[in-house]
Amino acid sequence: MSKSIVVIGSSNIDFIMKMDHLPAQDETVTGAVFMQTFGGKGANQAVAAGRAGGDVTFVNCVGDDPYVERMLAGFQESGVKTNTIYHETGISSGTALVMIGEGGHNYLSVAPGANGWLTPERIDAVRDLIADAAYVLMQFEIPPESIARALDIAAEEDVPVVWNYAPANSFDISQLSKVSIVVANEPEASKLTGVTVTDIASAKDAAHKLRDLGVDTAIITLGNAGSVVATVETSDRVHIPAFPVEPVDTTAAGDTYCGCLVVALAEGKPLVEAVRFASAGGALCVQRMGAQPSIPWRKEIDTFLKAYSSI
Ligand code: RIB
């Protein structure tokens, strides 16, 4: 049986400023620490899956800026296959401005750049790759019509799709019936379902609604309050606690979670165990700065899970 994972999504060059408080309108905050790293929700998830030990191919589009070579080398060092990364000329790769304030929370703005050139036709061109995959993993930083095309192809080829509804954008919810597993945080789940998610109880309601909308499994992530999971198999909705760690930067924590989740599922782990594995990946990520530099390797995740076996 195939264990391969196809990640379809964005890559960005991240410019990060960490400061002790975020500026108010017209305020200048000095004394920030600057970092340039590689990010993008698709790329982060591919890197997380690669470092967690998955057999991963990344479908993406980069521009012709001077960062590209280093970015692709980073993917390869993380075990990600890059032969389906398109190169678009006359445009920059995706770019993100990240401001990190108190508690490690981040504020993000993204210029899609070449990510907008990951067109439906380019998704068509990787149909065979999708058809051979155990899982397709997607987010929402590429054109909606390309996501729709990937969902159609995966449905036709009977390949399960794990879809991280991030960032939350307008979406035709009838498409949810083609999604096997939706992963969303509180604001994303609220936008997708109309249920205001603020705690475990409201997350359970939103997860139930997502099931009604046609997804097999809904996973709602609640930061330090853990995850809520609702599946076809379990009539009840399960809450899985988070690991108690001190965050310094939450950037890419959700991406790490998704990449690790899919690796665990492709290895045949039961869903609740896969969610624990994903939470461990996310807990390690938030303790370090930056997107891809903070994504853990498999050995670290296994060691962490042993250390926290009582949770
Ligand atoms: O999820 C974190 C990512 O969101 C960052 O790496 C940034 O590039 C944006 O895509």
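The values are calculated or read from the model by the stated rules, or taken from the named source; none is laboratory data. Computed from a predicted model, the values in this text were never measured in an experiment. Note that we place each Cβ from the backbone using ideal geometry, even for glycine, and neighbour counts take in every protein chain shown. Heads up: the accessible areas ignore ligands, DNA and RNA and are worked out on the full protein's heavy atoms, side chains in. Shrake-Rupley method; radii C 1.70, N 1.55, O 1.52, S 1.80 Å.
Quick notes on this structure:
- Options S170, I13, A253, ranked by Cα towards positive dipole end of the chain, top entry (Cβ charges): A253
- Here r is the Cβ-Cβ distance between D172 and V232 and R0 is 22 Å; the resulting FRET efficiency, rounded to 0.05, is 0.50.
- Translational diffusion coefficient of the range 179-311 (Stokes-Einstein, Kirkwood radius from Cα pairs, 37 °C, 0.692 mPa s): 223 µm²/s.
- Fully extended contour minus Cα-Cα distance, from D216 to E102, at 0.36 nm per residue: 37.4 nm
- Remark: for residue pairs K3/K81; K178/K209; K3/K204; K81/K269; K81/K306; K81/K209, the C-alpha separation exceeds 26 Å in K3/K204; K81/K306; K81/K209.
- Size descriptor, Kirkwood hydrodynamic radius, that averages inverse alpha-carbon separations across the chain, Å: 19.2 Å
- Peptides 270-276, 174-180 ranked from most to least packed, by the mean per-residue count of other Cβ atoms within 10 Å: 270-276, 174-180.
- Modelled this way, with points 7 Å down the Cα-to-C-beta line, the labels at V245 and A73 are 2.7 nm from one another.
- Sorted on the mean count of surrounding Cβ atoms within 10 Å across their residues, most packed first, peptides 294-304, 74-84, 47-57 read 47-57, 294-304, 74-84.
- DSSP-defined antiparallel bridges as percent of all bridges, the range 108-232, nearest 5: 30 percent
- For the chain, the solvent-accessible area with a 1.4 angstrom probe is 42 square angstrom per residue.
- With both residues required to sit in the chain, DSSP beta bridges show an antiparallel share near 40%.
- With a Förster radius of 41 Å applied to the C-beta separation of M19 and D64, the computed FRET efficiency comes to 0.80.
- Descending semi-axes in whole angstrom, ellipsoid equivalent of the range 203-256, from the Cα gyration tensor: 24, 12, 8
- Share antiparallel - DSSP beta bridges, the range 1-80, percent rounded to 5: 55 percent
- Virtual paramagnetic centre 7 Å along Cα→Cβ of K269, amide N under 12 Å, in the range 281-306: 281-283, 298-306
- Semi-axis lengths (Å, descending) of the ellipsoid that matches the C-alpha gyration tensor of the range 48-135: 24, 19, 13
- With a cut-off of 15 Å between beta carbons, the residues surrounding I13 carry a summed charge of -4, where Lys and Arg count +1 and Asp and Glu -1.
- Mean projection area, nm², convex hull over Cα of the range 166-208: 2.9 nm²
- FRET efficiency, S309 to Q287 (Cβ-Cβ, R0 25 Å, nearest 0.05): 0.85
- The charge dipole of the chain, taken about the Cα centre with unit charges on the Cβ atoms of Lys, Arg (+1) and Asp, Glu (-1), comes to about 640 debye, rounded to the nearest 20.
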